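Below is one structure, written out as structure tokens; comments come after it.
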Amino acid sequence: MNLRDLVILIADPSSYLSMLIHSMLRGFGSNKVLQVRNSMGVFHALTAQRIDLLICDALLPVHGGLQLTQAIRSKKGNEHRTIPILMMISDSRASTVKQARDAGANMVIAKPLSAASLYDRLTWIAFNPRKFVDTATYFGPDRRFKIEGYAGGVGRRKGDKVTEVAQKISPALAQDDIDSLFTAVRSGQD
Amino acid sequence: MAKAAKPKAATKSKAKAAAKSKMAVKSDVRVFSVDTRFQKMARREGGIPRDKAIEQAQNEIREVKSHFDSWFAGELKVFVRLIKKVEGAKAGKDWIKTANFHSHQLRDSATTLGFELLAFIAGSLCRILDSRPTMCLRGNTGAPAFAANQRHPLLSGRLPLSARRVISRVPPCLCNDRLIRRFGFARSNIVTDARGRTGPRTRNESNCTNNPDQ
């Protein structure tokens, strides 16, 4: 992943945590990183210059990261409407992740961060782009990450095809076969 | 018959209208591909491989570590000031929000920097503060006073008996005189229930057999 010359905006109320994230991004090869402490700062930065990626805390004062994301996504004619947003959350409950997803965040990362987790999330955003969905109630990246069949076998979208998922009957391999595979590997055979 | 036919017709027309509106909503849905500048640029050649990038990031973090002491001292000062305010009943209503914010900051930065003990302590504090309003433990920060100030119904002994399964006595370090005075009980008479809530021991609980302290 090449982050050189990309403008990344970190929006976190904590100066020290921002500094930590900034240092990680520097390590990844990024050379243009901006920091803001509140949502007003984000709006100022977005209007003042082009931002390529927003890394935003979910509890960002004054409005909160989720509301901020919704505001960015919902404003028609906004050139930053499709900007990739990586949301940092302090509690990784399913409900919080769902809220971030429904607000329009591209990806969620749980705090505390590690360099590896941050790198992987950024790689995911860069190399696995998702289509954007524009409806009356939602604007943002497609919230479906993977399709494992639909309720009743029929999807809700026009493009959804009928999926036929085979019934699970029994394990593909018998336990004896699995054991023999492991013993072969242990004894150094292929 | 005519009377019965009317509502049927009405429901049919309603269903038709609903289907039409659904169709309209469906036709409004737009799905499109976006290739943002971030995605284009990040996929360029000449990037840093993952392992090297992470190693470099960790080196950068090590450099930032040197600023940690001064920042940590500032955070502790904030905590001490907040505790004093709360104990003196001068804190605003959002003191718990402030405490939560700072404890999360401590936990997040300590974990990222690899300060395990601090991360553990700050993480425990986060859990305690997150579990409020049932919170009435203080750890080492004087929180029983906070709890007593909160006047939570759980603390006033109004908990239903069914929910008050006694597990153990509250450890002495988690009680303070103010809490005891408030309930007018000896320290050993304050108990925690299955959910970790604290309150005065009731008569039934005195005979409870699942209390390891009895």
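The values are calculated or read from the model by the stated rules, or taken from the named source; none is laboratory data. Quick caveat, the model's predicted, so the values are computed rather than measured. Ideal geometry is used to build each Cβ from the backbone, glycine not excepted, and the neighbour counts take in all protein chains shown.
So here's what we get for this one:
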| read-out | value |
| --- | --- |
| Pair list, Cβ under 6 Å, 6 or more apart: region A:115-134 residue at the interface with chain B (Cβ under 7 Å from one of its Cβ atoms), other residue assigned to a helix (DSSP H, G or I) and of a type in the set (A, V, I, L, M, F, W, C) | A:Ala115/A:Met24; A:Ala115/B:Ile54; A:Ala115/B:Ala57; A:Ala116/B:Ile54; A:Tyr119/B:Ala53; A:Tyr119/B:Ile54; A:Ala126/B:Ala42 |
| Hey, A:Leu60 of a type outside the set (Gly, Ala, Ser), crowded, with 21+ Cβ neighbours inside 10 Å and farther than 28 Å from B:Thr98 by Cα or not | no |
| Failed condition for B:Thr11, given (1) at the interface with chain A (Cβ under 7 Å from one of its Cβ atoms); (2) modelled with pLDDT under 90 | (1) |
| Within region B:110-137, considering residues that are closer than 15 Å to A:Asp91 by Cα and of a type in the set (S, T, N, Q), the one modelled with the lowest pLDDT | B:Ser131 |
| Residue count, region B:103-134 (criterion: closer than 26 Å to B:Asn59 by Cα and in a helix (DSSP H, G or I)) | 19 |
| Filter result for A:Ala48 (touching a His at 6+ places or on another chain (Cβ under 9 Å), farther than 18 Å from A:Tyr16 by Cα and either hydroxyl-bearing (Ser, Thr, Tyr) or surrounded by fewer than 19 Cβ atoms within 10 Å (Cβ to Cβ) (or both)) | no |
| Within region B:111-121, tally of residues that are within 11 Å of chain A (Cβ to nearest Cβ) and within 18 Å of the chain's Cα centre (by Cα) | 2 |
| Residues within region A:66-81 that are surrounded by 21 or more Cβ atoms within 10 Å (Cβ to Cβ) and within 14 Å of another protein chain (Cβ to nearest Cβ), tallied | 2 |
| Filter result for A:Glu164 (modelled with pLDDT under 75, closer than 21 Å to A:Asp102 by Cβ and out of contact with any strand residue (DSSP E or B) (no Cβ under 8 Å at 6 or more places or on another chain)) | no |
| Number of the condition not met by A:Pro112 [criteria: (1) out of contact with any Ser or Thr (no Cβ under 6 Å at 6 or more places or on another chain); (2) within 12 Å of chain B (Cβ to nearest Cβ)] | (1) |
| Candidates A:Val7, A:Val62, A:Val42, A:Val33 - the one that is away from chain B (no Cβ under 14 Å) and at negative phi | A:Val42 |
| Pairs where the first residue, in region A:17-29, is within 7 Å of chain B (Cβ to nearest Cβ) and the second is aromatic (Phe, Trp, Tyr), C-beta under 7 Å, 6+ apart | A:Phe28/A:Tyr119 |
| Hey, A:Arg50 within 13 Å of chain B (Cβ to nearest Cβ) and over 19 Å from the mean Cα position of the chain (by Cα) or not | yes |
| Within region B:46-62, tally of residues that are within 7 Å of chain A (Cβ to nearest Cβ), at negative phi and not β-branched (Val, Ile, Thr) | 8 |
| Check on A:Ala100, more than 7 Å from chain B (Cβ to nearest Cβ) and under 21 Å from A:Asp57 (Cβ atoms) | yes |
| Within region B:42-91, considering residues that are of a type in the set (A, V, I, L, M, F, W, C) and loosely packed, with under 14 Cβ neighbours inside 10 Å, the one farthest from A:Val7 (Cα to Cα) | B:Ala89 |
